[in-house]
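Notes to accompany the following structure.
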Amino acid sequence: MLTRVSMVVEELDEAIFDRQTRTSIINNDLQDSIRRLRVLIPGCGALGSAVASLLVRMGVRFLRIVDYDFVEPSNYPRTSSLGLLESLGNTPKVIACESMIRRLNPYVEVDSVYGWISSMNAKELIDGVDVVMDGLDNLKARSFIAREAWAAGIPYVYTGVSDRYYNVTVFKPGYTPCFDCIFSVPREEKGGIPVLAPTVYVAASTAVIALVKLLRNDWKPALLVGDVYSGSLESIPLSKEGCRCKQESVSGEYIVDDVRGRKVVYTRYSSVFSKLEHASIEGCNLAYRDAWRMILSCGRNIITVYRDGTLLCSTGKCDDALISRLIGAIE
Ligand SMILES: [Zn+2]
């Protein structure tokens, strides 16, 4: 039965990709490469959803998508995975993106990961994929992914959007400089940057073309800088020479980081809810829980605990003693 279904799907593919494989860019062999491609998309907001939508429609059959965040009404103008009513619901972005992919093509394999991205899990997320297509909106998460992709020897197609402007570049060991050569991660990044909806779609399309060029061995190392309003696209050549960056992996059971002025603790522990529910943590009470998050009230500190074991100090400073008590309860 399964064989018959897959035969039907293959015949259907010929019809679906008829116009695509008649272009000057994608022949049948390249279509086959696209079909076999396993893609990681970290970040399922506007950019990640637009990239996922294009890749599925072009024939990609495996996507791993990752996000910890929830949809908000302000996501609606830019995000192809969201109808207006969906943008009002308190749904994880990764679930909204997965629903979109399943609606677009039920034969696509989707590996949805609800959680934060850090050096704790970046290696695991990269495992088994051929390429990373950026859907992130901050340089810290990008640097975690970029380092592991570099270490694994797979290309990372970086895309940044802001207002009417966008950047696209590729990091590929042996061909381009690494992420750390191009970007220095600021101590603090601002959230909620302004973005014009068409910028997302032009940027996503440019990123997917970069991927097609990689598949054709036709990518010339460059940083593309575009402006959708003026229509300009500048290509700044990059050289792989001179990369002296150390690519160190982080060891240890947890790391404390700063994300947009708030303390975040990434841990190696997942499924921490039941442990926390039954633990008595000095000075802390369980204030809320749903399937995805639980909120602990610890004096002046409000701490959101995510299902993947990430702790976010929503308010307060969360001193080292409190963090040690929480880690003690979940390890
Ligand atoms: Zn470098």
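Got a sec? Charge dipole of the chain, +1 on Cβ for Lys and Arg, -1 for Asp and Glu; which of VAL71, SER162, LEU311 is way out at the positive end?
SER162
Distance in nm between label sites at ARG260 and LEU233, each 7 Å beyond Cα in the beta-carbon direction?
With each label placed 7 Å out from Cα toward Cβ, I get 3.0 nm.
Of the listed peptides 159-165, 190-196, what is their order by residue-averaged count of other C-beta atoms within 10 Å, with the highest listed first?
Working: 159-165: 19.1, 190-196: 12.6.
In decreasing order of mean packing, 159-165, 190-196 become 159-165, 190-196.
Want the number for ARG289 to ASP32: 0.36 nm per residue separation, take away the alpha-carbon distance, what's left? Show your work: numbers first, answer last.
Working: separation 257, 0.36 × 257 = 92.52 nm, distance 4.50 nm.
Here the segment from ARG289 to ASP32 would lengthen by 88.0 nm.
Once both labels are modelled 7 Å past Cα along the beta-carbon direction, what's the GLU241-ASP163 spacing in nm?
Rounded to a tenth, the inter-label distance reads 3.5 nm.
Could you work out [θ]222 nm for the chain from helices alone, using -39500 (n - 2.57) per DSSP H run of at least four and dividing by all its residues? Round to the nearest 500 deg cm²/dmol.
For the chain, the value works out to -10500 deg cm²/dmol.
Taking 45 Å as R0, compute the FRET efficiency from the Cβ-Cβ separation of ASP319 and TYR107 and round it to 0.05. It would help to have the intermediate numbers written out before the result.
Values: r = 51 Å, r/R0 = 1.13.
That pair, ASP319 with TYR107, gives E of 0.35.
If you find the alpha carbon centre of segment 26-78 and of segment 239-314, how far apart are they in angstrom?
Here the two parts' Cα centres lie 27 Å apart.
What is the magnitude of the charge dipole of segment 214-331 about its Cα centre, with +1 placed on the Cβ of each Lys and Arg, -1 on the Cβ of each Asp and Glu, and no other charges, expressed in debye to the nearest 20?
Dipole magnitude for segment 214-331 comes out near 60 debye.
Could you tell me which of the pairs LYS123/LYS240; LYS140/LYS275; LYS123/LYS317; LYS93/LYS172; LYS213/LYS240 are separated by over 25 angstrom between their Cα atoms in the structure shown? Provide the component values of the computation, followed by the final result.
Values: LYS123/LYS240 23 Å; LYS140/LYS275 29 Å; LYS123/LYS317 29 Å; LYS93/LYS172 28 Å; LYS213/LYS240 18 Å.
Correct reply: LYS140/LYS275; LYS123/LYS317; LYS93/LYS172.
Once the convex hull of the C-alpha atoms of segment 187-331 is built, how many Å³ does it hold per residue, rounded to a whole number? Each step should come with its number before you reach the end.
Numbers: hull volume 27.5 nm³, N = 145.
In segment 187-331, the Cα convex hull volume per residue is 190 Å³.
With Cβ to Cβ distances under 15 Å as the rule, what net charge do the other residues near TYR166 carry (K, R +1; D, E -1)?
Details: positive: ARG78, ARG142, ARG164; negative: ASP134, ASP137, ASP163, ASP227, GLU234.
Taking every other residue near TYR166 into account, the sum is -2.
Pull out a ≥ b ≥ c, the square roots of the eigenvalues of the alpha-carbon gyration tensor of segment 254-330, then state rounded if a/c is under 1.5, prolate if not and a/b is larger than b/c, and oblate in the remaining case.
On the way: a/c = 1.33, a/b = 1.17, b/c = 1.14.
In terms of gyration-tensor shape, rounded.
When the scattering of the chain is computed by the Debye formula from its Cα atoms alone, each counted once and equally, what is log10 I(q)/I(0) at q = 0.09, 0.13 Å⁻¹?
Calculated log10 I(q)/I(0) at the listed q: -0.51, -1.03.
Determine, for LEU139, LEU125, LEU82, the number of other Cβ atoms within 10 Å of each Cβ, and report the residues in order from fewest to most. Kindly include the intermediate steps, with their values, before the conclusion.
On the way: LEU139 17, LEU125 22, LEU82 26.
Least to most surrounded, the residues fall as LEU139, LEU125, LEU82.
Going by average Cβ neighbours within 10 Å, how do the peptides 95-101, 62-68 rank, with the highest at the top?
Details: 95-101: 22.3, 62-68: 24.1.
For the peptides 95-101, 62-68, the packing ranking is 62-68, 95-101.
Tell me, what HN-Hα J-couplings in whole Hz come from the Karplus equation 6.51 cos²θ - 1.76 cosθ + 1.60 at θ = phi - 60° for each residue of segment 153-167, using x for Gly and Pro?
x, 10, x, 10, 8, 7, 9, x, 10, 7, 6, 9, 10, 8, 10
Straight-line reach from LYS263: which aspartates and glutamates fall under 12 Å, measuring Cα to Cα and dropping same-chain residues less than 8 apart?
Within reach: GLU188, ASP319, ASP320.
Per q in 0.19, 0.22 1/Å, what log10 I(q)/I(0) does a Debye calculation on the alpha-carbon atoms of segment 34-173 return?
Log10 of I(q)/I(0), two decimals: -1.10, -1.44.
Where Lys and Arg each count +1 and Asp and Glu each count -1, what net charge lies around CYS97 among other residues with Cβ under 15 Å from its Cβ?
Working: positive: ARG57, ARG64, ARG78, LYS93, ARG102, ARG103; negative: ASP67, ASP69, GLU72, GLU86, GLU98, GLU109, ASP111, ASP134, ASP137.
With Lys, Arg at +1 and Asp, Glu at -1, the neighbours total -3.
State which helices in the chain qualify, where a helix is a whole DSSP H run, it must extend 24 Å or more along its own axis by its Cα atoms, and its mean Kyte-Doolittle hydropathy must be at least 1.0. Could you put the intermediate results ahead of the total?
Values: long enough: 197-215 (28 Å, 1.72).
Flagged H segments are 197-215.
Could you size up the charge dipole of the chain around its Cα centre, putting +1 on the beta carbon of Lys and Arg and -1 on that of Asp and Glu, and report it in debye to the nearest 20? Show your work: numbers first, answer last.
Details: 38 positive and 39 negative charges, 46 e Å.
The dipole magnitude comes to about 220 debye.
Could you tell me the calculated FRET efficiency between ILE193 and GLU277, based on Cβ-Cβ distance and R0 = 41 angstrom, to the nearest 0.05? Before the final figure, lay out the partial values.
Numbers: r = 37 Å, r/R0 = 0.89.
So the FRET efficiency works out to roughly 0.65.
No value in this document is a laboratory result; all are computed from the given coordinates. Because the structure is predicted, anything quoted here is derived from the model rather than measured. Every residue, glycine as well, gets a Cβ built from its backbone with ideal geometry; the counts of neighbours run over all protein chains shown.
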